[in-house]
1. To the nearest 20 debye, what is the magnitude of the charge dipole of the stretch 13-291 about its Cα centre, counting +1 on the Cβ of each Lys and Arg and -1 on the Cβ of each Asp and Glu?
2. Mean Kyte-Doolittle of at least 0.5 plus a Cα span of 27 Å or more along the axis: flag which DSSP H helices in the chain meet both, please.
3. Work out, in µm²/s and without decimals, the Stokes-Einstein translational diffusion coefficient of the stretch 134-227 at 10 °C, 1.306 mPa s, Rh from Kirkwood over C-alpha pairs.
4. Hey, rough spin-label estimate for Leu291 and Ala175, points 7 angstrom out along Cα→Cβ, what's it come to in nanometres?
5. Count the DSSP beta bridges whose two residues both fall in the chain, then state the antiparallel fraction as a percent rounded to the nearest 5.
6. Return His39, His50 ranked ascending by Cβ neighbour count within 10 Å, so the fewest neighbours appear first.
7. In the neighborhood of Leu101, defined by Cβ-to-Cβ distances under 13 Å, what is the net charge if each Lys or Arg adds +1 and each Asp or Glu adds -1?
8. Nearest 0.05, what FRET efficiency do Asp264 and Asp13 give at R0 = 41 Å with Cβ-Cβ as r?
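None of the figures in this text is laboratory data; all of them are computed from the coordinates on show. Note that the structure is a prediction, hence the values are computed from the model and not measured. A quick note on method: Cβ atoms are made from the backbone with ideal geometry, for glycine too, and the neighbour counts reach across all protein chains shown.
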Amino acid sequence: MPMIFSEHMEQYDLEVVFPRNVNFVVPYQRTEVDIVVIHGLNIEANYYVHRDTWSYCGKMWPRDILPSCFGKRCRVMLFSYNDGLSVNDEDTRFIKHCDRLLRLLMENRLDDPTRPLVFICHDVGGLIVKEALAKAHLDKTGTIHIIDQCTRMLVFFNTPHHNVAKSVRNIASAAVRPTPPEVLDMLDKACNEHVERIAPLEQRGRLYRRRLVINFHGTNCYRGKQLLVEKEDTMMNARPEYWEKHFPIYGDHTSMCRYPSSEDITCETVLKTIGLNTYLAMRMFPTSEILNRAKFRF
């Protein structure tokens with residue numbers, strides 16, 4: 001693979017959690033879509049934040065519930081970029097995280113590189129995905145541009161699209177293990193640099209064209225103190241011709257991603273929204289048609 005990625009660390013992983021037995025393939029259960037789930041900052045000091053972000057008493061809904069929305073004809077992968085028990089300087093390396101995500105996606109999609117992609121992200125995880133899509137969109141080598149072309153839907157849970165540095169500082173400052181001031185400053189710098197890189201593409205709608213965007217916003221204060229991300233900051237306000245939907249969720253910054261069962265009203269709402277809109281996005285923007293179109297030029 002061409003050396004278009006920066007140096008990376010071994011802690012990165014793209015874990016396939018569904019189907020659990022990757023060697024067992026039933027013909028009528030052909031995989032129709034790849035779902036990539038990306039955690040945010042580990043403010044609750046969990047050992048396995050890439051799993052615990054989406055888990056309630058051992059039940060992880062992207063693995064145990066979400067596949068039923070697609071007749072189990074999907075593959076669910078969890079991206080892990082920092083399982084440290086605190087918010088540290090590793091969390092500020094958005095470019096390195098997006099590089100590793102792109103590399104792992106390319107390696108794991110060799111069987112079908114054109115399979116539609118859906119990204120489900122929590123807070124900073126959404127920033128990493130936007131970095132990855134921007135890099136894929138601007139790729140001139142022809143290596144990773146396919147990731148941008150095949151992405152059909154983006155799902156964000158409390159990802160700040162405006163006032164990014166302020167929101168991310170609020171999230172990091174709420175950690176159960178105090179975040180060092182120097183790390184907060186590094187996060188501020190990383191967020192400002194992220195905005196500078198992404199803003200030109202967002203203004204032209206390059207990150208959202210021919211795909212559907214869903215923003216979920218937690219309505220409850222975290223630990224009863226404050227909203228870590230304001231409602232207005234979770235709304236992209238993209239161009240009218242692009243598809244963006246916004247839904248409030250009963251829960252705080254972390255509980256909005258955890259559901260006790262499929263009967264939970266919040267879980268039912270989230271899963272139906274993701275499932276129905278994924279099929280809508282794939283029907284409206286078939287990957288086969290997009291791959292035959294000329295690449296955007298600036």
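1. About 700 debye.
2. Long hydrophobic helices here: 265-284.
3. The Stokes-Einstein estimate is 103 µm²/s.
4. 4.1 nm
5. Among the beta bridges of the chain, antiparallel pairing accounts for roughly 20 percent.
6. His50, His39
7. Local net charge: 0.
8. For Asp264 and Asp13, the calculated efficiency is 0.90.
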